[in-house]
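Shown next, in structure tokens, is the structure this report addresses.
Just so you know, all these numbers are worked out from the coordinates, no wet-lab data involved. Worth saying up front: this structure is predicted, and the values here are computed from it rather than measured. Positions of Cβ are generated from backbone atoms using ideal geometry, with glycine treated the same way; all protein chains shown enter the neighbour counts.
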Amino acid sequence: MNRAQAALRFTEMLLSLVRGNAGLIDALSVLSRDGMEPPIRETASALLLLMKKGVGFSDSLAMLAPGKIRFAPLYITLLRASEMTGSIGAALEKILLDLRRGQQSRETITGIMVYPALIILAALAGTIVLVAKGIPLFVRAGMLSGTFLDTAFRGIVFAGVFLFAAGGLLLYVYFRIFGRDSAEYRIFYLLSLLLENHIALGDALTQCIVTIGETGYGRALLAVKNDVASGVRFSRAFSKSALFSPYVSGWLSVADANGSVGEACRNIALYFQKRDERVRNVAARCMEPAVIIITGIYLLILVQTVILPVLTHAGGLV
């Protein structure tokens, strides 16, 4: 069981106990019993130890040692806000939905990667056969010189470096796309949850800044918070940052007029969630062609730098 699966199961079980009117201490006591899966049992035991010392649930989650189930800063912020309003169950429900969506995304990219991975493995297998069987055959026949072998080896190395570099970059891009929601979605999703749980706007912005961290968006939110504190309208504060689109300031202008800032943030979060889904759909359709192109270039490099020179040098084409 990996960390994501452990977090999902832990949340499912904890939410079930909380829905059954168990307090957090009692719920964690149940999860810490023998018979539970080790990651869940050990995490629950660690949380119990911290909470019995007077540490809050969200702070206890943030303080868990490496090796225990860890929750993203977004979830810890949400739980911290729920502790203020007494809505732990509602927060756990939202976290569970998000964890399930993340699990589905990981399963999707795993399914997408199977066929491209087979293509790359087939290309690598062909290269291994060429190096282990093909070239030695020409060498034993005395048809290739040592100098040529050095040239062929450099061609193989160059093709291999290209394949691993391009494949690694493609994997990085895809895991970035599928593995994490956009910053805009996370910001307005969290703002909507906090504001709809009656957290003050300034406090909600502070929690968002802590969650997003020292990034361009974090600094932009800090500027927004300072502007709002000085009396600038919420929509105007966001419109001053180039990171946020006119769509954002438009919805927030509506919120300035009718006072429904939480609802406006929820609509903005939904917009960015759908945008993320569109990007993932496009990425899923482009994966196979991208891998075929990379593999084709890899094979072209091998043909140009190894196979054609071998045939020419050995007299196969002349």
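Can you give the charge dipole size of the chain about its Cα centre, rounded to the nearest 20 debye, using +1 on the beta carbon of Lys and Arg and -1 on the beta carbon of Asp and Glu?
320
How many lysine pairs are close in the chain, with Cα atoms under 27 Å apart and the two 8 or more places apart or on different chains?
Here the count comes out as 9.
Only four residue types carry charge here, +1 at the Cβ of Lys and Arg and -1 at the Cβ of Asp and Glu. Report the dipole size of the stretch 2-142 about the Cα centre in Debye, rounded to the nearest 20.
It works out to roughly 380 debye.
Take every Cα pair under 8 Å in the stretch 3-71 that's 6+ residues apart, average their separations, divide by the length, and report that relative contact order as a whole percent.
Answer for the stretch 3-71 is 30 percent.
Taking the 0 to 90 degree range and rounding to the nearest ten, how far is the long axis of helix 183-196 tilted relative to the main principal axis of the chain, both from C-alpha atoms?
Tilt of helix 183-196: around 20 degrees.
Answer with one residue from Gly259, Val279, Leu64: the one whose Cα lies farthest towards the positive end of the charge dipole of the chain, charges on Cβ with Lys, Arg +1 and Asp, Glu -1.
Final value for the positive-end residue is Val279.
Could you give me the ³J(HN,Hα) list for the stretch 60-72, computed from phi with Karplus coefficients 6.51, -1.76, 1.60 and θ = phi - 60°, whole Hz, x at Gly and Pro?
Result, ordered by residue: 5, 4, 5, 8, 4, 6, x, x, 8, 5, 10, 10, 5 Hz.
Given charges of +1 on the Cβ of Lys and Arg and -1 on the Cβ of Asp and Glu, with all other atoms neutral, how large is the dipole of the stretch 3-71 about its Cα centre, in debye to the nearest 20?
Roughly 100 debye for the stretch 3-71.
For the chain, report the % of Cα-Cα distances exceeding 38 Å.
When all Cα pairs of the chain are counted, 39 percent exceed 38 Å.
Count the net charge of all other residues whose Cβ sits under 10 Å from the Cβ of Ala255, scoring Lys and Arg as +1 and Asp and Glu as -1.
Counting the neighbours of Ala255, the net charge comes to -1.
Would you calculate the volume per residue, in Å³, of the smallest convex hull containing every Cα atom of the stretch 164-210?
70
Along the charge dipole of the chain, which of Val18, Gly231, Leu47 sits closest to the positive end, that is, farthest toward it, with unit charges on the beta carbon of Lys, Arg, Asp and Glu (+1, +1, -1, -1)?
Among Val18, Gly231, Leu47, the one farthest towards the positive end of the dipole of the chain is Leu47.
Show me, bin by bin at 10 Å from 0, the whole-percent P(r) of the stretch 183-273 based on Cα pairs.
19, 61, 20, 0
What number do you get for the stretch 39-110 when its Cα radius of gyration is normalised by 2.2 N^0.38 Å, N = residues?
Expressed relative to 2.2 N^0.38 Å, the Cα Rg reads 1.19.
Positive end of the dipole of the chain, charges at C-beta (+1 Lys, Arg; -1 Asp, Glu), about the Cα centre: which of Ile292, Ile109, Leu221 has its Cα farthest in that direction?
Toward the positive end, the furthest listed residue is Ile292.
Which semi-axis lengths, in whole Å and largest first, follow from the square roots of five times the eigenvalues of the Cα gyration tensor of the stretch 3-71?
Each semi-axis is √(5λ); the values are 15, 15, 11 Å.
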